Amino acid sequence: MSETLISVEDLSLSFANHQVLADLTFAVHRGEFLGVIGENGVGKTTLIRVILNQLKPSAGRIKLENGLKIGYVPQFRNVDVEYPLSIEDFISLNFTGIKLPWLSRKEKQKIQTVINQVNLEHISKRPLGLASGGEKQKAYLAQALINDPDLLILDESTASLDPNTKRELLDVVKRLNQTLGLTIIFVSHDMQVIHEYPDHFLWLTKNGYTAGPISELHNDSKEGEYV
Amino acid sequence: MFSFEFMQNAYLAGTLIAIVSGIMGVFVVARNMPFMTHTLSEIGFAGAAFGIFVGWTPLNGMLAFTTVSSILVGELSGAVESRRESVISAISGLFIGLGILFLSLSNKNASYATNILFGSVIGISRQEVVQMASLSVLVLIVLFFIFRNLKDDSFDAVGAKTNHIHSALISIVFLVLLAFSVSVAAQIVGSLLIFVLLTLPAASSKYFAHTVIQMMLLAIGFAIFGVWLGLYLGYITNWPVTFFIASIEAAIYGLALIYNSITNKSR
């Protein structure tokens, strides 16, 4: 059995008197590609915020591996058509801390590496505001990769993309998972891609949840997506 | 022209202010704060008038008012968008009113008000240049240390939330730096025209440059060009320097927009 990065036991969370997550138990192991599915409002993003330590559970426990580095790609971003930074400079934003204003040679090399990993070499100097939806998602992905995370969390990254672009992005994610052994948590309400890419699933519903290897994901749920 | 000490002072102060404004402006634009900056500047008008009333220099009065209020005003940034504009209107109105009151109580003539509102770069003393230079250097030093985190928080507020960079602290430090910058820049272009240096050069730069550092360099360039040429034209025509600087910066911004629409069409 490979190393456990996240273990969740009997986790519950409620806002005021509204219960969002109830008695959730699951684990994420190193190298896994976990698909988190469920309709809007069942608590997918809430669960992610618990993992990111932005919300405290009302009951139960969540344990992250010591020193676990998480790269997170949030669902919404305020990048409009006038957004001026090039894809390269946008990616460099994640090099934070008290350091010299300009980038070191090592940092510049790392930026090139992640740009190559997401196949954006040809437009890396172009303003992010002028990039297409799929290119933007790849840039967000690259930015999340810059500090060498152990775990990458993608929150509905494919929601606004057309089928081809969706596949292109997920192919990149799958390759990172397979070649670098990067652990992935991919949140989506798109049943079809969940069947295709992840190796494990966690299906949240209004009344509970199911989890397991992707082969156990119920087959009649394969019909399209539900919103 | 440079044989006159007042012109030397004007060029020295103007150059420093252009540098600080160009750099700060890039963050003002990225954080969508031009109107917040303008409000700080109007609060600064009340401060300068208060300074005259109690016998301080206008710059010191301005610094006191803008610094204190920058921390209070920071709370506003969390307010609902639709309410924020109205709250800003109320604050602007209140402080301009207070400024008029202080001026009237201090029995000074109307030219004092004009100087504070529209700038008075020609009247700057060597001692004031030294104070402005110290403030500018202080702003630049702090910026140097918080640069990476401020850049992340300003250009990717959503992503920055997961980076543990203390957004709230960064915002307050930035507002205090903005208060200093506004007070210094108002000495040149006046508190009513703070946009001219703290917004326009940076807003123009983003159509030509695509990294934060390039945008800063270009904004500094635009600001320095406007200040130098404005001072020169003011010197030879005797027309207000502020008029020239405002026109030059507005013209650069107009050209930037035209350039942007042409390149977008051909893309």
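For the peptide B:155-168, the mean number of other protein chain Cβ atoms found within 10 angstrom of a residue's Cβ is 5.
Computed from label points 7 Å out along Cα-Cβ, the spacing between B:Phe145 and B:Ser82 is 4.3 nm.
3J(HN,Hα) along region A:110-126: 4, 4, 4, 4, 5, 4, 5, 4, 9, 6, 10, 3, 5, 10, 5, 9, 7 Hz, from the Karplus curve 6.51 cos²θ - 1.76 cosθ + 1.60 with θ = phi - 60°, whole Hz, x for Gly and Pro.
Taking amide hydrogens as placed 1.01 Å from N in the peptide plane, the amide H of A:Leu21 sits under 5 Å from those of A:Leu13, each at least 5 positions away in sequence or on another chain.
Distances between placed amide hydrogens fall under 5 Å for A:Val36 paired with A:Phe186, A:Val187, A:Ser188, A:Leu202, all partners being 5 or more residues away or on another chain. Each residue in A:Ser188, A:Ser12, B:Ser120 was given a count of other beta-carbon atoms within 10 angstrom of its own, and listing them fewest first yields A:Ser12, B:Ser120, A:Ser188. A Förster radius of 60 Å, combined with the Cβ-Cβ distance separating B:Gln8 from A:Arg30, puts the computed FRET efficiency at roughly 0.35. According to the square roots a ≥ b ≥ c of the eigenvalues of the Cα gyration tensor, what is the shape class of region B:5-194, taking rounded for a/c under 1.5, prolate for a/b larger than b/c otherwise, and oblate for the remainder? Because a/c hits 1.5 or more and a/b fails to exceed b/c, region B:5-194 counts as oblate. Taking other residues whose beta carbon is less than 15 angstrom from the beta carbon of A:Gly181, and scoring Lys, Arg as +1 and Asp, Glu as -1, yields -2.
Classification of the protein assembly as shown by its C-alpha gyration tensor yields a prolate form. The axis ratio a/c (a ≥ b ≥ c) is 1.5 or more, and a/b outweighs b/c. Could you tell me the distance between the Cα centroids of region B:189-236 and region B:105-133, to the nearest Å? Each part reduced to its Cα centre gives a spacing of 21 Å.
The phi torsions of region A:91-97, fed into the Karplus equation with coefficients 6.51, -1.76 and 1.60 and a -60° offset, translate into couplings of 4, 5, 4, 6, 7, 9, x Hz, rounded to whole numbers, with Gly and Pro shown as x. Between B:Leu101 and B:Val158, the C-beta separation translates, for a Förster distance of 51 Å, into a calculated FRET efficiency of about 0.75.
Counting only whole DSSP H helices of chain B, the ones at least 18 Å long by C-alpha along their axis and with mean Kyte-Doolittle hydropathy no lower than 0.0 are B:5-30, B:34-54, B:58-73, B:81-105, B:126-155, B:167-189, B:212-237, B:241-266. Principal-axis analysis of the Cα atoms of chain A puts helix A:163-179 at an angle of about 90° to the longest axis.
Bridging of A:Lys110 to aspartates and glutamates at a Cα separation below 15 Å is possible for A:Glu88, A:Asp89, A:Glu121, A:Asp148, once same-chain residues fewer than 8 apart are set aside. Counting only residues at least eight positions apart within a chain, or on another chain, the lysines with an alpha carbon under 22 Å from that of A:Lys206 are A:Lys44, A:Lys56, A:Lys222.
A DSSP coil position with no more than 14 other Cβ atoms inside 10 Å describes the following trypsin sites (Lys or Arg not before Pro) in region A:32-140: A:Lys69, A:Lys99, A:Lys125. When you restrict to C-alpha pairs under 8 Å that are six or more residues apart and normalise by the size of region B:120-242, the relative contact order lands at 21 percent. Annotation for B:Leu229 and A:Ser14: the two label points, set 7 Å from Cα along the Cα-Cβ direction, are 6.7 nm apart.
Rounded, prolate or oblate for region B:134-267? Axes are the square roots of the Cα gyration tensor eigenvalues, ordered a ≥ b ≥ c, and the cut-off for rounded is a/c under 1.5. Here region B:134-267 falls in the oblate category. In chain A, helical runs assigned H by DSSP with n ≥ 4 each contribute -39500 (n - 2.57); averaged across all residues and rounded to the nearest 500, the mean residue ellipticity at 222 nm is -8500 deg cm²/dmol. Counting Cβ atoms of other protein chains within 10 Å of each residue's Cβ and taking the mean over peptide A:78-91 gives 5.
Read-outs: derived from the displayed coordinates by stated rules, not from any lab. Predicted model only: the values in this text are computed from it and were never measured. FYI the Cβ positions are ideal-geometry reconstructions off the backbone, even for glycines, and counts take in every protein chain you see.
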